[in-house]
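What follows is one structure encoded as C-alpha cells, with my remarks underneath.
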Amino acid sequence: MSKNAIITGSTSGIGLGIARKFAEAGYNICFNGLEDNGAEIAEKVGEEFGVTTMFSAANMLKPDDINEMVKIAEGAFGSIDVLINNAGVQYVAPIDEFPAAKWDLIIGVNMSAAFHTSKAVWPGMKARKFGRIINITSAHGLRASEFKSAYVTSKHGVTGLTKVLGLEGAPHGITCNAICPGYVKTPLVEGQIKDQAKSHNMTEEEVVTKVMLKKQAIKDFVKVEDLGALALFLASESAQMMTGASIPVEGGWSAQ
Ligand code: NAD
C-alpha cells in the first residue's frame with residue numbers, strides 16, 4: 001500500500017528535493033509553499049514519478065490554514081503517514097538592528113508552524129499507530145552563529161519539540177526526528193550570502209569561504225539529494241527505534 005506525506009515548503013530548495021525522493025519511492029505527496037507555481041510543480045512531480053500529488057498554499061504563519069491543509073490532504077489520501085516540517089525563512093542582522101517583525105516571522109514559520117502541523121496530524125497517526133514526523137532544523141539547531149538570533153532560537157526550539165514529540169509519540173508508533181543540515185545551496189542561502197556580505201562587510205565569495213563553510217570540517221555544500229535519502233530512511237520501518245534525535249549532516253561542524 002502506498003504511503004502519503006505532507007512536506008511543508010516543498011516548492012523550493014530542500015523541501016522540493018526531499019519531495020522528489022519521496023515521490024521516486026512511491027509516496028503520494030501534499031506539496032506546500034508560497035511559490036506562485038506550486039500547483040504546477042506538484043503536478044509535474046506527480047507525472048514524473050507516477051504518484052498522486054496535491055498542492056496547498058497554506059501559510060505556515062496561520063494555524064487555520066495549517067489545519068485546513070491537513071484536513072484536505074487526509075481526506076484526499078485517506079491518511080498522512082509522514083509529515084516533514086521544512087518550510088523556513090532567514091534574516092541576518094546584529095541584535096540591535098534586528099527588526100521585531102522579522103523575529104516574529106522567523107519564530108512563526110520555523111518554529112510555531114511545526115507545533116501546529118504536528119498537532120494536526122497527530123490524531124490520525126495515533127489512531128493508525130504509525131507516524132513519522134521529520135523536522136528539517138539546521139546545524140543552527142545545535143550550534144549558534146552571530147547575527148542569527150531569531151533563526152538560531154527557532155531551530156533550537158524545534159530541537160526541543162523533536163525530543164518532546166519523540167517521547168509523546170513512543171506509545172503510539174509515532175517517531176519524531178530532526179535533520180540538521182549544514183549549508184545547502186538553495187534560494188534561502190543565496191539570499192543569506194548577500195545579507196552576510198553586508199553584515200560582515202565582505203564580498204560574497206569571502207562570505208562563502210571565510211564565514212559559511214568556515215565551521216564545517218568538510219568544505220562543501222550539503223546536497224539536497226543526500227538529505228532526501230536520510231529523510232526516506234527516517235520514514236522507513238527500519239528507523240522505528242530512532243526517535244527524539246537531531247541528526248547532523250553538516251560536514252563535521254558540531255564535532256568541534
Ligand atoms: P527555500 O527558500 O529554498 O525554501 C523555503 C520554502 O519554505 C519555500 O517553498 C517557501 O515558499 C516556504 N515558505 C516560507 N515561508 C512560508 C510560509 N509562511 N508558509 C508556507 N511556506 C513558506 O529554503 P531552503 O534552503 O530549501 O530551506 C528549507 C529548510 O531547510 C528551512 O527550514 C531552512 O531553515 C532549512 N535549512 C536550510 C539550509 C540551507 O543551507 N539552505 C541549511 C540548514 C537548514
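The values are calculated or read from the model by the stated rules, or taken from the named source; none is laboratory data. Quick caveat: nothing in here was measured; it's all calculated off a predicted structure. Here Cβ is always computed from backbone atoms with ideal geometry, including for glycine, and neighbour counts include all displayed protein chains.
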#### Entry: Residue, nearest to residue 29 (Cα to Cα), within the stretch 67-107, restricted to residues that are among the charged types (D, E, K, R) and more than 17 Å from the chain's Cα centre (by Cα)
74
### Query
What is the residue count in the stretch 146-177 for residues that are in contact with a strand residue (DSSP E or B) (Cβ under 7 Å, 6 or more places away or on another chain) and either within 10 Å of the ligand (Cβ to nearest atom) or under 17 Å from residue 213 (Cβ atoms) (or both)?
1
#### Entry: Residue check, residue 156 under 15 Å from the mean Cα position of the chain (by Cα), without any contact (Cβ under 8 Å) to a residue 60 or more places away in the chain and more than 19 Å from residue 13 (Cβ to Cβ)
yes
### Summary
Filtering the stretch 25-43 for residues that are over 18 Å from residue 179 (Cβ atoms) and more than 15 Å from the ligand (Cβ to nearest atom) leaves a count of 3
### Task
Looking at (1) within 11 Å of the ligand (Cβ to nearest atom); (2) surrounded by 15 or more Cβ atoms within 10 Å (Cβ to Cβ), find the lone condition where residue 187 falls short.
(2)
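Report yes if some residue within the stretch 44-61 is in a loop (DSSP other than H, G, I, E, B), touching a His at 6+ places or on another chain (Cβ under 9 Å) and modelled with pLDDT of 95 or more; otherwise report no.
Kept after step one, since they are in a loop (DSSP other than H, G, I, E, B), are these residues of the stretch 44-61: 50-52, 57-61.
Checking the rest, the ones that are also touching a His at 6+ places or on another chain (Cβ under 9 Å) come to 60.
Imposing the further condition that a residue be modelled with pLDDT of 95 or more reduces the set to 60.
Checked the stretch 44-61: at least one residue is in a loop (DSSP other than H, G, I, E, B), touching a His at 6+ places or on another chain (Cβ under 9 Å) and modelled with pLDDT of 95 or more.
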#### Entry: From 12, 2, 56, 79, residue being within 11 Å of the ligand (Cβ to nearest atom), surrounded by fewer than 20 Cβ atoms within 10 Å (Cβ to Cβ) and not β-branched (Val, Ile, Thr)
12
### Message
So the check is Cβ under 8 Å with 6+ separation or different chains; which pairs have a first residue in the stretch 10-33 that's at positive phi and a second one that's near the ligand (Cβ under 9 Å from one of its atoms) and assigned to a helix (DSSP H, G or I)?
### Response
13/187; 13/188; 13/224; 33/15
### Task
Go through the stretch 82-106 and give me each residue that's under 21 Å from residue 180 (Cα atoms), within 12 Å of the ligand (Cβ to nearest atom) and modelled with pLDDT of 95 or more.
84, 85, 86, 87, 88, 89, 105, 106
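In the stretch 15-24, which residue that is more than 6 Å from the ligand (Cβ to nearest atom) and under 13 Å from residue 87 (Cβ atoms) is surrounded by the fewest Cβ atoms within 10 Å (Cβ to Cβ)? Give the steps one after another, and end with the answer.
The initial filter retains those residues of the stretch 15-24 that are more than 6 Å from the ligand (Cβ to nearest atom), namely 16-24.
Restricting the remaining residues to those that are under 13 Å from residue 87 (Cβ atoms) gives 16, 18-19.
Numbers: 16: 23, 18: 29, 19: 30.
Filtering first and then ranking leaves 16.
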